[in-house]
Amino acid sequence: MVDDIYPQMPIIETKNYLLRPVRLNDADDMFEYYKQSKVVKYLPMSFHKTVLDTKRFIKSFFIDNYKQGKIGHFAVVDKSNNKVIGNIGLNNVDKNDTEGEIGICINPIYWGHDIATELGREVLKFAFSSTNIKRIIANTYEDNKRTRKSLEHLNLKYYKTYDKKIVKGMKITYVKCDAYRILKSEYTKRNRK
């Protein structure tokens, strides 16, 4: 099923979650996690101080990219309570791009339950079956052991460690990052039935 407003964004259902385009009325749920400094620690933005900050972010990062026809992030909706608990997807991929970066942001209340593996499987499946993407990369910070484990469960392979530049306002910091990747050919070979 595809979204009525943004046809490049399908609606994907997993056992426990619904993945759909982010909507402006998701702001209250998303503010719950974007207001926490530990969630945005390595993102190029500060934590949100108000729901208005989250609404602005939804418009500029999600909706503006959807309007340009880009494939972006999905809202992660917990089917048991219809609450948005995070977002996952490809970081603003155009339809002709052959490489995409997968990213995920989950409300800390849900950390430690390996949600990333369940969701990541569906995002990889979508990316390799419905786009021109031939390679997907993922970057995680050296101290993020849970994400590394999820990436390995998804068969992404570590290929390098590097210093990533993080710019927040006038402040520049560098953090150690581990980079992972998977090729479409590897994914297809592993998932043949």
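List of remarks:
- Options Ile104, Ile58: the member that is of a type in the set (Val, Ile, Thr) and in contact with a Ser or Thr (Cβ under 8 Å, 6 or more places away or on another chain): Ile104
- Pick from segment 132-150, criterion in contact with a helix residue (DSSP H, G or I) (Cβ under 9 Å, 6 or more places away or on another chain) and hydrophobic (A, V, I, L, M, F, W, C), ranking: farthest from His113 (Cα to Cα): Ile133
- Yes/no for Asp64 being closer than 22 Å to Ala127 by Cβ, part of a loop (DSSP other than H, G, I, E, B) and not aliphatic (A, V, I, L, M): no
- Number of positions in segment 65-118 that are under 17 Å from His153 (Cα atoms) and without any contact (Cβ under 8 Å) to a residue 12 or more places away in the chain: 1
- Being touching a strand residue (DSSP E or B) at 6+ places or on another chain (Cβ under 9 Å) and either among the charged types (D, E, K, R) or without any contact (Cβ under 8 Å) to a residue 24 or more places away in the chain (or both) is a description that applies to Asp26.
- Qualifying residue in segment 41-54 (condition: aliphatic (A, V, I, L, M), within 14 Å of the chain's Cα centre (by Cα) and surrounded by 18 or more Cβ atoms within 10 Å (Cβ to Cβ)): no
Rundown of residues vs (1) modelled with pLDDT under 95; (2) in contact with a Cys (Cβ under 8 Å, 6 or more places away or on another chain); (3) within 20 Å of Phe74 (Cβ to Cβ), yes/no style:
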| position | (1), (2), (3) |
| --- | --- |
| Gly112 | yes, no, no |
| Ala116 | yes, no, yes |
| Phe126 | yes, no, yes |
| Lys145 | yes, no, no |
| Lys164 | yes, yes, no |
| Met170 | yes, no, no |
| Thr173 | yes, no, no |
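- Any hit, segment 7-26, residues being modelled with pLDDT under 95, farther than 24 Å from Asp114 by Cβ and crowded, with 18+ Cβ neighbours inside 10 Å: yes
- Residues that are within 22 Å of Thr54 (Cβ to Cβ), small (Gly, Ala, Ser) and either under 12 Å from the mean Cα position of the chain (by Cα) or in a helix (DSSP H, G or I) (or both) occur in segment 98-121; there is at least one.
- Residue count for segment 135-184, restricted to those that are in a helix (DSSP H, G or I), surrounded by 11 or more Cβ atoms within 10 Å (Cβ to Cβ) and free of Cβ contacts under 8 Å to residues at least 40 places away in the same chain: 7
The values are calculated or read from the model by the stated rules, or taken from the named source; none is laboratory data. These figures come from a predicted structure and were not determined experimentally. Cβ: placed from backbone, ideal geometry, glycine included. Neighbour counts: every protein chain shown.
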